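Working notes, structure below.
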Amino acid sequence: MTIKLYLAGPEVFLPDARGALDAKADMARAYGFEPIMPGDIAIEPAPTRREFGLRISEVDERMMNSADGIIANLTPFRGISADVGTAFELGYMCAQGKIVAAYTNIADGHFERSMRFYGGDAVKGDDGRWRGPDGIALEDVDMIDNLMLQGGVLRRGGHVAVHAAQPDRLYLDLTAFEECLTFIAARGA
């Protein structure tokens, strides 16, 4: 039986989304997997943007339900953290007990990115926790993103690959993605 992998990530928003998605799909096929990707579907027109969004959500969930596992691209997108849609998809698949793997193309952890975000305005509070100027605590747990993302993958026996890609290739470098494919292929179905 061929393992079906849902390939999640912010690539659907790239100017050449089709090229980026095809490269990942081709690599997944080379490893013997059947790729399933949100960019592979046609969504029926809807009378409103909201209804169109609901249709996309429904189709994506059906695709995840048909998959055996997920590889989620957690490279920070539009900020210091992973794409929120990808985070939902990873959590959805974790909750179903499916095969999970994730990767990031930025080697700095979430805490380091948070500290840079505050530009030196973070302070260590009386409780020993780092806090931004807004008083909100920073998560300092030596993980690539929010602890629930990496923790969810690792607690289910999955793999999180970390790679330092060139800035102009953050969403196109497939080094860490391939590490996830290798991990899943080695563990079998």
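No lab work stands behind these numbers, since they all come straight from the coordinates. In this text, all values refer to a predicted model and were calculated from it rather than measured experimentally. Cβ placement follows ideal geometry from the backbone for every residue including glycine, while neighbour counts extend to all protein chains displayed.
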**Report entry** Estimated translational D of segment 44-142 in µm²/s (Stokes, Kirkwood radius over Cα pairs; 4 °C; 1.567 mPa s)
**Finding:** 80
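Apply 1/(1 + (r/R0)^6) to the Cβ-Cβ distance of Ala17 and Met148, taking R0 = 25 Å, and write down the FRET efficiency to the nearest 0.05. Mind dumping the intermediate values first?
On the way: r = 27 Å, r/R0 = 1.08.
The formula returns an efficiency of 0.40 here.
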Query raised in the report: Measuring from label point to label point, each 7 Å out along Cα→Cβ, what is the Arg116 to Arg78 span in nm?
Result: 2.0
Requested in this report: Between Asp40 and Ala107, with labels modelled 7 Å along Cα→Cβ, what's the label distance in nm to one decimal, could you check?
Outcome: 3.3
Report summary line: Rounded to the nearest 0.05, FRET efficiency between Leu170 and Met1 (Cβ-Cβ, R0 30 Å) equals 0.35
Query raised in the report: Which of the lysines could be linked to Lys4 by a straight reach, that is with a Cα gap under 16 Å, when you skip same-chain ones fewer than 8 residues away?
Result: Lys24, Lys98
Query raised in the report: Working out 0.36 nm times the residue gap between Ala185 and Glu58, then minus their Cα-Cα distance, what length gain in nm do you get to one decimal?
Result: 42.8 nm
Query - For segment 135-189 versus segment 72-114, the gap between their alpha-carbon centres in whole angstrom - result: 7
Requested in this report: Please report the base-10 log of the normalised intensity I(q)/I(0) for the chain, using a Debye sum with one equal scatterer per alpha carbon and no solvent, at each q in 0.11, 0.12, 0.14 (1/Å).
Outcome: -0.52, -0.61, -0.80
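If each residue of separation counts as 0.36 nm, what is the full-extension length gain between Ser66 and Arg156 once their alpha-carbon separation is subtracted?
Working: separation 90, 0.36 × 90 = 32.40 nm, distance 1.92 nm.
Contour length minus the Cα-Cα distance gives 30.5 nm.
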Query - Estimated 222 nm signal from helices in the chain, with DSSP H stretches of n ≥ 4 weighted -39500 (n - 2.57), rounded to 500 - result: -12000 deg cm²/dmol
